[in-house]
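Step one of this worksheet: look at the structure below.
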Amino acid sequence: MKARIKITLKEGVLDPQGKAIANALGALGFDGVGDVRQGKYIEVELKESERASAEKTVESMCKQLLANMVIENYSYELEDA
Amino acid sequence: MKASVIVFPGSNCDRDVAVSLEAAMGEKPAMVWHGEADVPASDLIVLPGGFSYGDYLRSGAMAAHSPIMRDVVKRAKKGTPVLGICNGFHLLTETGLLPGVLMRNASLKFVCKDVLLKVMRNDTDFTRSYDEDEVIRIPVAHHDGNYFADGETLDRLEGENRVAFRYCDASGTPSDDANPNGSQRNIAGIYNEAGTVLGLMPHPERLADPALGGTDGKPMFASLVGALH
Amino acid sequence: MSAQAAAMTPELVAEHGLSPEEYERLLAILGREPSITELGVFSVMWSEHCSYKSSKVWLKTLPTEGPQVICGPGENAGIVDIGDGQAVIFKMESHNHPSFIEPYQGAATGVGGIMRDVFTMGARPIANLNALRFGAPDHAKTRHLVSGVVEGIGGYGNCVGVPTVGGEVNFDPGYNGNILVNAMCVGLADTDKIFYSAARGIGLPVVYVGSKTGRDGIHGATMASAEFDDDSDEKRPTVQVGDPFTEKLLIEACLELMAGDTIIAIQDMGAAGLTSSSVEMADKGGVGFDLDLDKVPCREEGMTAYEMMLSESQERMLIVLKPGSEDKARAIFEKWELDFSVVGITTDTGRLIVTHSGRVEADMPVKMLADSAPEYKRPWTPTEPPALIEPEDVPAPNSLTDALETLMGSPHLCSRRWVWEQYDHMVMGDTVRRPGSDAAVVRVHGTDKGLAATCDVTPRYCTADPVEGGKQAVAEAWRNLTASGADPLAITDCMNFGNPERPEIMGQFVGCIEGMREAVEALDFPVVSGNVSLYNETNGVAIPPTPAIGGVGLIPDIAYMADIALKHEGETLLLLGAECGHLGQSLFMEMMQEKREGAPPPVDLALERKTGDLVRTLIREKCVSAVHDVSDGGLLIAVSEMALAGGTGLTLTDYKGPLPLHAMLFGEDQGRYVIAAAKGDDIISRAKTAGISVREIGETGGNMIRIAGEEPVPLQRLRDLHEDWLPHYMSSQ
């Protein structure tokens, strides 16, 4: 199956890239743009077929490598192949 | 004194720091490949600057899981001094040897230039040859040097006197104007609790030779040799 | 022969950039219709980029030899002896079009490509430079392009860990539709460990190493055959994406392999990828190649032979190994986590035979592929040189100091700090002269020797008079190296021009080459490598002729080099070289009169050499504390740059000469240097004895620029103007 993982910055962590995107959108004439936060999107193909064990694997991937838990949160969806 | 420089795929300041170490120690440090399981017997371990694994995902994130890092962490915890410069600092935070994280520079740009640093304490193996509050000129060269930690952690670091260097002006006053990356409280480098692990963004090895335009980095290597020989 | 064989229609041939005559030639060579793969292979081998078909006849006129030259043009890069068993290997190359389409990746892959040209010959890259030309600052695309190109160059070079130490940045409306990104790399090798591309020997393994092959950079025009593939857009990125991390690993792996005794020949897969690398290696070795494309590591599924042969995926090399050394080589590349695959074998057939999925997709004579490219002597009309403008005919400004401030704070002359602070210019620990001086200097690691490098050309001079402009570009590179204290060794050239099928453009090319040839000869400054980029035009508007010159020089001992900074108070400032007050094509005229008129300043090559030789001698004798050549903007700009660099002011002596004051201060006469010395008298008499014009122009000291009869200009104000323009421009929307 495929895991679709989103890594986002925790609330309160300064996001200079997000801020730059917000500024750029403003400059392009998009009014009414509030806070912009950016993050990462990662797709991982898994050999697992069982959802529960896949979830465990993905959790562990996120905590160990994909996200830095000091500043980032993660969320994911699993999709059957 | 024996020193080991750990080399990761993508390290690129490994030779530079080895040159500075050799000049100070009188012998070459061991260059240790990341795939090794053990660091050879060393009085000092250096994690050099560069772009380990291309800085892909997050700076230092993948190198932190190299086989050698398990041994580095073990030895650091037993008291072997560890110096992490730039990408080495990233690694120290990714492995948890130092708290906090280094985020993208506030300018969003890579910055390579000399900056002024205030030496916050001179009672560690890394800084004995400096004066306390001395202002030194050291280059930075990074994209992700913006030190971030929560307020509580920052308070603790300051309370425990663990800030090693701050970006400052010529008079030694830490200032946002002198800060090249937007780091919190103008932090350029920090120690672990015991003062035996130092992570810093500036590159002392880049100004340790008069031909390169300055020698303010040299006392750090002299300090280490003095303390560890 | 291929199941996918497409019918050879005139449209298909035209889409591959071949003229009907060229196609006839191809038919004669093969004796039959080509397969689609063969058509693709021929089209890239005969493209302007690979064959130099419009430029070769002229390039051949450039002097390429000298006692210092180990290898001139024709290999991946030029090689020059620097003594003690070492050589400097360098080249400059354009990546103009890709950088206009996607500035970050275009510039990044330009840097990556030029580094591969250098390390494929056995050199460790030790310095990068780049010559960048953008459109007018107020053009809608300029800011975005500057930002992307600078980030791309930094992103690649910084990660690989090779310092970017110098170069130039220009703004000119002539580049609005076609920017120029010329990247130069300088490498260092041992003379007994230099590697070439000739695959000599039969039955040798041909090895592919590096990144996997994808559909990157397969030219849009060559891809238009609908019957060849239908859903093309998704599959065919024409923009190559760089992976500097892999490049770093590839450098280390190749240098590790080169340290052993396993390589017969090695070549990077640059433009036209597997095609040009295999043809070149086979041709130079006088052998054939059998390639099995099933063995090529691919990143995408279902790639055809055509795509694999033409892919321009980055960070790949082709190596011919000594027999039996495959395992040793494989272990090195596996250690560095890179692909390694034996994809072929050298043969005695003299043919390039490409098989894929058991089918022969191409079978072509190597010699004909390499040598039979058409060579054109295209019609050309020389550029009519404009009339000389007398200094008296250019009106004086209301205020000389206002003019100084205007020029120093202009996009042409403002500080480039915003650019080079984004480049790691110190990594490798040998940058002994950082950006901001006449030439960057890197130390030869572990020695006291230094290599100086610079990039130069003044396109507005080349536009007005290609011959004088070509001469000036070479002379200025020579001058900048000299001003740093180096012995100029050799140059690489990057010839950027418009459409050569237009006689006036071809005339610019011919003129620039002629001027370059004269200067190269007079200065013993041979061309050892280079690159030609033609068709830089949009809607019939060509770029200004831009023959960018990359020069390299040797400093025997870095204790004896010079920079531009005024360091001491009370020193004498001397001007060496003749003063004519030449304002034609000057920045003064451009900024103050808003026009470009007249002839560019002529270069007297004999005087150039004599003056430069004296300056170098003075540096070696430690008679001078600062040296700067006089170039864009003239004398007042040169001394102001010296004052800012050292934080020391100066007072100019009251001028009693024949020229109008503004022409003396802003004229761009060539072959001149400003030097600062504790004692001027001895230098003056030596210059006079040598027949070199010399004048005491002032004295250092204070924190202002003082000109008699003018309000003094505080250095701080000048510094603010000089430093602020670029960051301010880049941060405004």
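The values are calculated or read from the model by the stated rules, or taken from the named source; none is laboratory data. Just so you know, these numbers come straight off a predicted model, no measurement behind them. With ideal geometry, Cβ positions are generated from the backbone for all residues, glycine too; neighbour counts draw on all protein chains shown. Note: accessible area is taken over every heavy atom of the protein model, side chains too, but ligands, DNA and RNA are not part of it. Shrake-Rupley method; radii C 1.70, N 1.55, O 1.52, S 1.80 Å.
If you go through the range C:595-608 and keep only what is among the charged types (D, E, K, R) and surrounded by fewer than 19 Cβ atoms within 10 Å (Cβ to Cβ), you end up with C:K595, C:R596, C:E597, C:D604. If you go through the range B:29-44 and keep only what is assigned to a strand (DSSP E or B) and in contact with a helix residue (DSSP H, G or I) (Cβ under 8 Å, 6 or more places away or on another chain), you end up with B:M31, B:V32, B:W33, B:L44.
Condition check ((1) of a type in the set (A, V, I, L, M); (2) within 25 Å of C:E256 (Cβ to Cβ); (3) under 18 Å from the mean Cα position of the chain (by Cα)) across all residues:
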residue: C:N96; (1), (2), (3): no, no, yes
residue: C:N128; (1), (2), (3): no, yes, yes
residue: C:V149; (1), (2), (3): yes, no, yes
residue: C:C159; (1), (2), (3): no, yes, no
residue: C:G177; (1), (2), (3): no, no, no
residue: C:V181; (1), (2), (3): yes, no, yes
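Among the residues making up the range C:611-636, those that are within 17 Å of C:C580 (Cβ to Cβ) and either out of contact with any Gly (no Cβ under 8 Å at 6 or more places or on another chain) or not in a helix (DSSP H, G or I) (or both) are C:D629, C:V630, C:S631, C:D632, C:G633, C:G634, C:L636. Within the range B:35-57, count every residue that is under 18 Å from the mean Cα position of the chain (by Cα) and without any contact (Cβ under 8 Å) to a residue 60 or more places away in the chain. Result for the range B:35-57: 8.
Apart from one condition, C:R433 fits all of (1) surrounded by fewer than 24 Cβ atoms within 10 Å (Cβ to Cβ); (2) among the charged types (D, E, K, R); (3) within 14 Å of chain B (Cβ to nearest Cβ); (4) out of contact with any Lys or Arg (no Cβ under 7 Å at 6 or more places or on another chain); the exception is (1). Of all residues in the range C:614-627, those satisfying the criterion of being open to solvent by 10 Å² or more (accessible area, probe 1.4 Å) and in contact (Cβ under 8 Å) with a residue 40 or more places away in the chain are C:L614, C:R616, C:R620, C:K622, C:C623, C:V624, C:S625.
Against the condition touching a helix residue (DSSP H, G or I) at 6+ places or on another chain (Cβ under 8 Å), assigned to a helix (DSSP H, G or I) and touching a residue at least 60 places away in the same chain (Cβ under 8 Å), how does C:V279 come out, does it pass? Criteria met by C:V279. The numbered conditions (1) in contact with a helix residue (DSSP H, G or I) (Cβ under 9 Å, 6 or more places away or on another chain); (2) over 30 Å from B:K113 (Cα atoms) are all true for C:V360 except (1). The condition (being at pLDDT below 90 and small (G, A, S)) is satisfied by just one residue among A:A3, A:A81, A:A67, A:A54: A:A81.
Identify, from the list C:A687, C:A678, the residue that is open to solvent by 10 Å² or more (accessible area, probe 1.4 Å), closer than 20 Å to C:A483 by Cβ and either within 14 Å of chain A (Cβ to nearest Cβ) or modelled with pLDDT of 95 or more (or both). Spell out the reasoning first.
Details: C:A687 fails: open to solvent by 10 Å² or more (accessible area, probe 1.4 Å).
None of the other options fit; the residue is C:A678.
Can you name the residue in the range B:29-58 that is under 19 Å from B:P81 (Cβ atoms) and among the small types (G, A, S) and is also nearest to the other protein chains (Cβ to nearest Cβ) among such residues? I'd like the intermediate steps shown before the answer.
Here is the first cut: in the range B:29-58, the residues under 19 Å from B:P81 (Cβ atoms) are B:29-32, B:38-49.
Add one more test, that the residue is among the small types (G, A, S), and what stays is B:30, B:41-42, B:49.
Values: B:A30: 18, B:A41: 24, B:S42: 22, B:G49: 8 Å.
It comes out as B:G49.
Whether any residue in the range C:250-273 is in a helix (DSSP H, G or I), buried (at least 24 other Cβ atoms within 10 Å of the Cβ) and of a type in the set (D, E, K, R) is what I want to check. No, the range C:250-273 contains no residue that is in a helix (DSSP H, G or I), buried (at least 24 other Cβ atoms within 10 Å of the Cβ) and of a type in the set (D, E, K, R). If only residues of the range C:690-702 that are in contact with a strand residue (DSSP E or B) (Cβ under 9 Å, 6 or more places away or on another chain) and under 20 Å from C:A483 (Cβ atoms) are counted, the one that is most open to solvent (accessible area, probe 1.4 Å) is C:E696. One residue stands out among those in the range B:63-107 that are open to solvent by 20 Å² or more (accessible area, probe 1.4 Å) and at positive phi: the one that is farthest from the chain's Cα centre (by Cα), which is B:G79. Being surrounded by fewer than 17 Cβ atoms within 10 Å (Cβ to Cβ) and either at the interface with another protein chain (Cβ under 10 Å from one of its Cβ atoms) or in contact with a helix residue (DSSP H, G or I) (Cβ under 9 Å, 6 or more places away or on another chain) (or both) is a property that B:K113 has.
Taking the listed residues C:K322, C:K367, the one that is open to solvent by 80 Å² or more (accessible area, probe 1.4 Å), in contact with an Asp or Glu (Cβ under 8 Å, 6 or more places away or on another chain) and not hydrophobic (A, V, I, L, M, F, W, C) is C:K367, with no other qualifying. Answer with yes or no whether C:S313 is over 29 Å from C:R25 (Cβ atoms) and either at pLDDT 95 or above or among the acidic types (D, E) (or both). Spelling it out, it is not the case that C:S313 is over 29 Å from C:R25 (Cβ atoms) and either at pLDDT 95 or above or among the acidic types (D, E) (or both). Checked against (1) more than 14 Å from every other protein chain (Cβ to nearest Cβ); (2) open to solvent by 20 Å² or more (accessible area, probe 1.4 Å); (3) more than 22 Å from B:V82 (Cβ to Cβ); (4) not hydroxyl-bearing (S, T, Y), B:E158 passes all but condition (3).
Pairs linking a residue in the range B:59-71 that is in contact (Cβ under 8 Å) with a residue 24 or more places away in the chain and within 12 Å of another protein chain (Cβ to nearest Cβ) to a residue that is open to solvent by less than 50 Å² (accessible area, probe 1.4 Å) and among the acidic types (D, E), with Cβ atoms under 7 Å and 6 or more positions apart or on different chains, are B:S59/B:D144; B:G60/B:E94; B:A61/B:E94; B:A64/B:E94.
Take the residues in the range C:628-662 that are β-branched (V, I, T) and open to solvent by 30 Å² or more (accessible area, probe 1.4 Å), then tell me which one is nearest to C:P600 (Cα to Cα).
The initial filter retains those residues of the range C:628-662 that are β-branched (V, I, T), namely C:630, C:637, C:639, C:648, C:651, C:653.
Retained after the next criterion (residues that are open to solvent by 30 Å² or more (accessible area, probe 1.4 Å)): C:651, C:653.
Values: C:T651: 29, C:T653: 27 Å.
If we take residues in the range C:628-662 being β-branched (V, I, T) and open to solvent by 30 Å² or more (accessible area, probe 1.4 Å), then C:T653 is nearest to C:P600 (Cα to Cα).
Select, from B:A211, B:A222, B:A170, the only residue that is within 14 Å of chain C (Cβ to nearest Cβ), open to solvent by 10 Å² or more (accessible area, probe 1.4 Å) and closer than 21 Å to B:D14 by Cβ.
Working: B:A222 fails: within 14 Å of chain C (Cβ to nearest Cβ); B:A170 fails: closer than 21 Å to B:D14 by Cβ.
After applying the criteria, what remains is B:A211.
For B:A18, the criteria (1) within 14 Å of chain C (Cβ to nearest Cβ); (2) over 23 Å from B:G79 (Cα atoms) hold in every case but one, which is (2). Here B:G26 does not qualify as of a type in the set (G, A, S) and either within 11 Å of chain C (Cβ to nearest Cβ) or in contact with a Ser or Thr (Cβ under 7 Å, 6 or more places away or on another chain) (or both).
The lone criterion from (1) within 13 Å of chain C (Cβ to nearest Cβ); (2) β-branched (V, I, T); (3) touching a helix residue (DSSP H, G or I) at 6+ places or on another chain (Cβ under 6 Å) left unmet by B:V82 is number (1).
Looking at B:G10, B:G60, B:G35, B:G26, can you tell me which residue is open to solvent by 10 Å² or more (accessible area, probe 1.4 Å) and on the phi > 0 side of the Ramachandran plot? Talk me through it step by step, then tell me what you get.
Values: B:G10 fails: open to solvent by 10 Å² or more (accessible area, probe 1.4 Å); B:G60 fails: open to solvent by 10 Å² or more (accessible area, probe 1.4 Å); B:G35 fails: on the phi > 0 side of the Ramachandran plot.
B:G26 is the lone residue from the list that is open to solvent by 10 Å² or more (accessible area, probe 1.4 Å) and on the phi > 0 side of the Ramachandran plot.
Filter the range C:520-541 down to the residues that are open to solvent by 20 Å² or more (accessible area, probe 1.4 Å) and of a type in the set (A, V, I, L, M) and list them by number. Across the range C:520-541, the qualifying residues are C:A522, C:L534, C:V541.
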